[in-house]
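Heads up: the structure comes next, in structure tokens.
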Amino acid sequence: MVTAIEIPESAIDTLRTALRGGLLSPGEDGYEAGRAVWNGMIDRRPALIARCTGAADVVAAINFAREHELPVAVRGGGHNVAGSAVCEGGLVIDLSPMKGIRIDPVKQTARAEAGVLWQEFDHETQAFGLATTGGTVSTTGIAGLTLGGGVGWLMGKFGATCDNLLSADVVTADGRLLHAAAGENEDLFWGLRGGGGNFGVVTSFEYRLHPVGPIVLGGMIMYPLAEAGRVLRFFREFTSTAPDELTAYAALLTAPQGMPVIAIAVCYAGPVEEGEQAVKALRSFGTPIADLLGPLPYSVQQSLLDAAVPSGRRYYWKSHYLSEVADDAIDAIVEGFASAPSPFSILLLEHHHGAISRVRPEVTAFAQRSSPYDLIVIAGWENPAETGANVAWARELLAATRPWSDGSVYVNVLDADESERVPAA
């Protein structure tokens, strides 16, 4: 329980006047929407929500929180499963109104403000046939994903999102606005690339872009769940020789028609004709129930998994990196998914290789560079009465696969009850 902190109305009025973007308090229009985040499990009531439109608003909000000893949460896209974008009884620094994006197609760079979502970022960069590694769900914010490292469909070819970060503007806890880049505030720049969101409030990000799309080879092939063990063994062999351009995930989920399936989803970051050769073995494997693989816009590839994890559903995640996908591990994964209490739950096995694995661990704060697979247990459900069963399922499945884990975890998938695992991240 957070102790209520009395703040003089005069001080709140002063902050309200200082903010160009406005200030929300309980009972005001927009407050309920302002405290809602992607994970419907999160139900916190901040004392104030500062709707920031630029760095000056952020400085004013930070100074106010410091002077009145308020807990602070920073909201970018609001997609973090732990609900770190909102706090109980404190001040939410809401960056979601900050949507500026500027593309330099000659230098192949982009400067984007911290409230931008990946689908908005990709919309602008794809106008020039450019992109950088972004999230696998297009409604994810660029800020949280980048600060935690950033994995996605282009990581094999171009590395993590943080590997493509050229600079950042940051408001520190003492209200200073700093520029962090190679050669300028280098320690801060190191921490921003994978260390999470505890070094200040980043107001804008500058990224390196790469020629991608507008058409890529992507999509997924689905098989009946009864074939899951065989498909995962094939996935292990298929990814072991994958070129940098090819990123692949395996997913156990329930199709929209209500049928449990296993899918292999891929994206080839190169010419479509070369991609067809790279997925030839996948195309000829087994007897799929649906082949949705082919040329498609990169923006569509980026939204491939959106429908499986809609905003407002209740979520609880567990994850760890796997040093290998042994036969026994595959059996544990398949058996675990079969026992899921909710049809909305997903097991995702991401393959990490290529450029993301060639960066030395000490170069950035994102140090998970050598583990070839990340297993993400996504418990999703709608009825609050089913919370206990779904949380227990996720925990039990993670425990069942722990023998094959290297002990590390990706900071962006840590849930709210995992503070003891922060060192592992």
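The values are calculated or read from the model by the stated rules, or taken from the named source; none is laboratory data. Model, not experiment: these values are computed from the prediction. Positions of Cβ are generated from backbone atoms using ideal geometry, with glycine treated the same way; all protein chains shown enter the neighbour counts. Ligands, DNA and RNA are excluded from the accessible area calculation, which covers all protein heavy atoms including side chains. Shrake-Rupley method; radii C 1.70, N 1.55, O 1.52, S 1.80 Å.
Listed residues Arg44, Arg20; which is without any contact (Cβ under 8 Å) to a residue 60 or more places away in the chain, over 15 Å from Val171 (Cα atoms), over 26 Å from the mean Cα position of the chain (by Cα) and open to solvent by 60 Å² or more (accessible area, probe 1.4 Å)? Reasoning before the result, please.
Details: Arg44 fails: over 26 Å from the mean Cα position of the chain (by Cα).
Result of the check over Arg44, Arg20: Arg20.
Any chance you could count how many residues in the stretch 101-130 are closer than 15 Å to Leu165 by Cβ, in contact with a strand residue (DSSP E or B) (Cβ under 7 Å, 6 or more places away or on another chain) and assigned to a helix (DSSP H, G or I)?
2
Please indicate, with yes or no, whether at least one residue in the stretch 100-109 is open to solvent by less than 10 Å² (accessible area, probe 1.4 Å) and either in contact with a Leu (Cβ under 9 Å, 6 or more places away or on another chain) or touching a residue at least 60 places away in the same chain (Cβ under 8 Å) (or both).
Keep residues of the stretch 100-109 that are open to solvent by less than 10 Å² (accessible area, probe 1.4 Å), which gives none.
No, the stretch 100-109 contains no residue that is open to solvent by less than 10 Å² (accessible area, probe 1.4 Å) and either in contact with a Leu (Cβ under 9 Å, 6 or more places away or on another chain) or touching a residue at least 60 places away in the same chain (Cβ under 8 Å) (or both).
Those residues that are in contact with a Lys or Arg (Cβ under 9 Å, 6 or more places away or on another chain) and in a loop (DSSP other than H, G, I, E, B), I need them from the stretch 361-407; list them, please.
Pro361, Val363, Thr364, Ala365, Phe366, Arg369, Glu382, Asn383
For the stretch 47-58, enumerate the residues that are buried (at least 20 other Cβ atoms within 10 Å of the Cβ) and either closer than 20 Å to Ser311 by Cβ or of a type in the set (A, V, I, L, M) (or both).
Within the stretch 47-58, Ala47, Leu48, Ile49, Ala50, Arg51, Val58 meet the criteria.
Do the conditions hold for Ala425, that is, is it open to solvent by 20 Å² or more (accessible area, probe 1.4 Å) and either out of contact with any helix residue (DSSP H, G or I) (no Cβ under 8 Å at 6 or more places or on another chain) or closer than 23 Å to Thr254 by Cα (or both)?
Values: open to solvent by 20 Å² or more (accessible area, probe 1.4 Å): yes; either out of contact with any helix residue (DSSP H, G or I) (no Cβ under 8 Å at 6 or more places or on another chain) or closer than 23 Å to Thr254 by Cα (or both): no.
Against the criterion (open to solvent by 20 Å² or more (accessible area, probe 1.4 Å) and either out of contact with any helix residue (DSSP H, G or I) (no Cβ under 8 Å at 6 or more places or on another chain) or closer than 23 Å to Thr254 by Cα (or both)), Ala425 does not qualify.
Mind listing just one residue for me: the one in the stretch 154-195 that is closer than 27 Å to Glu69 by Cβ and in a loop (DSSP other than H, G, I, E, B) and, of those, most open to solvent (accessible area, probe 1.4 Å)?
If we take residues in the stretch 154-195 being closer than 27 Å to Glu69 by Cβ and in a loop (DSSP other than H, G, I, E, B), then Arg176 is most open to solvent (accessible area, probe 1.4 Å).
Output the qualifying pairs, or none if there are none: Cβ atoms under 7 angstrom, residues six or more apart or on different chains, first residue in the stretch 334-350 and at positive phi and basic (Lys, Arg), second residue surrounded by 22 or more Cβ atoms within 10 Å (Cβ to Cβ) and in a helix (DSSP H, G or I).
none
Residue-wise test of (1) in contact (Cβ under 8 Å) with a residue 60 or more places away in the chain; (2) closer than 22 Å to Leu414 by Cβ.
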position	(1), (2)
Trp118	yes, yes
Asp122	yes, no
Gln126	yes, no
Thr139	yes, yes
Gly175	yes, no
Asn185	no, no
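Could you check the stretch 262-306 and list, in sequence order, the residues that are under 26 Å from the mean Cα position of the chain (by Cα), of a type in the set (A, V, I, L, M) and either at pLDDT below 95 or open to solvent by 40 Å² or more (accessible area, probe 1.4 Å) (or both)?
Scanning the stretch 262-306 gives Leu292, Val300, Leu304, Leu305.
What is the one condition in (1) free of Cβ contacts under 8 Å to residues at least 60 places away in the same chain; (2) open to solvent by 10 Å² or more (accessible area, probe 1.4 Å) that Glu382 does not satisfy?
(1)
Give me a count of the residues in the stretch 118-153 that are over 25 Å from Ala365 (Cα atoms), open to solvent by 10 Å² or more (accessible area, probe 1.4 Å) and not charged (D, E, K, R).
The qualifying residues number 6.
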